[in-house]
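What follows is calculated from the coordinates using simple rules that are stated; it is not laboratory data. Because the structure is predicted, anything quoted here is derived from the model rather than measured. Here the Cβ is made from the backbone with ideal geometry for all residues, glycine too, and neighbour counts use every protein chain on show.
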Amino acid sequence: MGTREPDAANPEFLTVEEAAVLLRVNRKTLYESIRLAQVPGVIHIGRSIRIHRDALLAWRPGNGGPALGENR
């Protein structure tokens, strides 16, 4: 697989809202998962949060761990 150039349709970094749509989860659930450090590729820029698209797409949360947003 080669390196893909980011464009307007596929930006390199996503907002939490964009990542939630991509993962098909509620935005609040994703915020809680980020707070619990369950999501890879998260970058805090001031008060903003961005998520690296490739890290998110490569991430495969397993059934052995807690569900998104669940603290076990």
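Computed over the stretch 13-58, the range of Cα coordinates on each principal axis works out to 26, 21, 16 Å, biggest value leading.
For the stretch 34-40, the Karplus equation 6.51 cos²θ - 1.76 cosθ + 1.60, evaluated at θ = phi - 60°, returns couplings of 5, 4, 8, 6, 9, 10, x Hz by residue, with Gly and Pro reported as x. If R0 is taken as 25 Å, the Cβ-Cβ distance between THR29 and ALA9 corresponds to a FRET efficiency of 0.50. Distances between placed amide hydrogens fall under 5 Å for PHE13 paired with ARG53, all partners being 5 or more residues away or on another chain. Evaluate the distance, in nm, between pseudo-label points positioned 7 Å from the Cα of LEU36 and of ALA55 along their respective Cα→Cβ axes. Going from the LEU36 label point to the ALA55 one covers 1.9 nm.
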